[in-house]
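Single-structure report; data block below.
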C-alpha cells in the first residue's frame, strides 16, 4: 500500500470517529453507572445521569454479590488457569464478565456472536430526550444481564438493530470492561484476515471508512495489556463452509480454552458441526452449561467434572435433549456443588461441566 493511501485511510477514519474517541474510559464509566461526567454524556437537564447512575450501580452490585463473587471464588479452586492465555467464547453476545471472572489472568478474550459491535457511542451531543432514551435502552439490557448473567437474544436483536439507538454491543463491552477494573486504551474496527490466521484492523472498502461489525478493545490493568476481541460471525456450517478464512480462524480458536453458556444448544445440532469439531479436537478445556457440547460426545475425549444439578433442559428446547447428561447427573456419585446460578432457568437449577482433555 502506498504511503498516500495509508494517510488517506488514517485521515478518513479519524474524521469518522466521535470527537471524544480518545476518552474511552470516561465514556464507559458513564455507561456503567460509575460517573456523572456531563462532558461525556451531553446535556443533563433534570438529573438524567444521577438517576441512571444510581440504578445502574445497584444492578451491578446485585450481580457482583449473587453471581460474580461466588463464581470468582469458585474458579480459584476448580479451574486450571495460565496467565496470558487466550479464552474463546462462542455464542457469547456481549458477555465479557463470565470469561473474565473465570479466567482473570488471560491476555486475550475472543467473543463471537451474531450482533454487530459498533463504534464508540457519542453521547456528548445528545439532547436530554435522546440521552434519556439511549440510557434507558442500554440499562434494559444491563438489568437483564445483571439479574440473570446473560443477555436475551431477542432483546439483543431489538436493541442492536439498525434503527436502535445503541448501534451495536460495543457500549456493553466498554461498560463491562471498566466495571471489571480495566481502563480502555484503544478501540478499533477489526476483521478476520484473508488467510484466517488471525484478526486485522479493518482497512475499509473502496475508499470507505472501516465497518465496525467486529471490534477490538485494547485494555490495561495493573500495568498489563489485555485484548478483548468481539467478532461478528455466523458460526453455522452453512456460513463457515462458504468462507475458508473464517473456518480456518475458527479452527485455530478451537485450540484455546473454551467458555460457553446460554448457547441455545446450538452445538448439539448437526449444522454447527464445524465449530463443535474444532473444539472437541483441539481445546485443552471447556467450561460450559448444558447448552454446550453434548455430554455423550464430550466425555469421549475429556475428563468431565459435574457441578450443580440437571434433569432436563429449559422447556423452550426439545424434550430429551442432553439425555446422556441427565443420566450422568442421576448416576454419578462425584457431583460437586455449584455456588452460583448460571444459564437458563430450569426445574433442577443450574449446572456446569468442566471438561479437561484426557492425556
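Computed from Cα positions, the angle between helix 69-78 and the longest principal axis of the chain comes to roughly 50 degrees.
Shown is the FRET efficiency for residue 331 and residue 200, computed with R0 = 30 Å from the Cβ-Cβ distance and rounded to the nearest 0.05: 0.05.
What percent do you get for the relative contact order of the chain when only Cα pairs under 8 Å and 6+ apart count? Once divided by the residue count of the chain, the mean separation gives 16 percent.
Seen against the Cα atoms of the chain and their longest principal axis, helix 273-282 is set at about 70 degrees.
Across all directions, the shadow cast by the convex hull of the range 203-359 built on its C-alpha atoms averages 12.6 square nanometres. Which of 157, 242, 346 moves the most in a Gaussian network model of the chain with Cα springs under 10 Å? So, out of 157, 242, 346, the one fluctuating most is 242. Angle of helix 48-63 to the longest C-alpha principal axis of the chain, folded into 0 to 90 degrees and rounded to 10: 20°.
Just order 170-178, 25-33 by mean Cβ neighbour count inside 10 Å, highest at the front, would you?
170-178, 25-33
Binning the alpha carbon pair distances of the range 273-358 at 10 angstrom intervals from zero yields the distribution 18, 53, 28, 2, expressed in whole percent.
The sum of -39500 (n - 2.57) across all DSSP H runs of n ≥ 4, divided by the residue count of the chain, sets its helix-only mean residue ellipticity at 222 nm to -11000 deg cm²/dmol.
Reported value for the range 75-122: 86 Å³ per residue, from the convex hull of its C-alpha atoms. Using C-alpha pairs below 8 Å separated by at least 6 residues, the relative contact order for the range 136-195 is 21 percent. Computed from the Cβ-Cβ distance with R0 of 45 Å, the FRET efficiency linking residue 282 to residue 57 stands at 0.65.
Just to be sure I follow: if Rg is taken over the C-alpha atoms of the chain and Rh is the Kirkwood radius over the same atoms, what is Rg/Rh? Computed over Cα atoms, the ratio is 0.97. What does the C-alpha gyration tensor say about the overall shape of the range 42-197? Classify as rounded when a/c is under 1.5, otherwise prolate if a/b is larger than b/c, or oblate. Oblate, because a/c is 1.5 or more while a/b does not exceed b/c.
Considering the chain as a Gaussian network with a 10 Å cut-off on Cα pairs, which listed residue, 126, 219, 71, attains the greatest mean-square fluctuation? Top of the fluctuation ranking is 126. Here the contact order of the range 242-359, divided by its residue count and restricted to Cα pairs under 8 Å and six or more residues apart, works out to 29 percent.
Rule-based calculations on the coordinates, nothing more; no lab input. A quick note: this is a predicted structure, and the numbers were derived from the prediction, not measured. In this analysis, Cβ positions are derived from the backbone assuming ideal geometry, glycine residues included, and neighbour counts consider all displayed protein chains.
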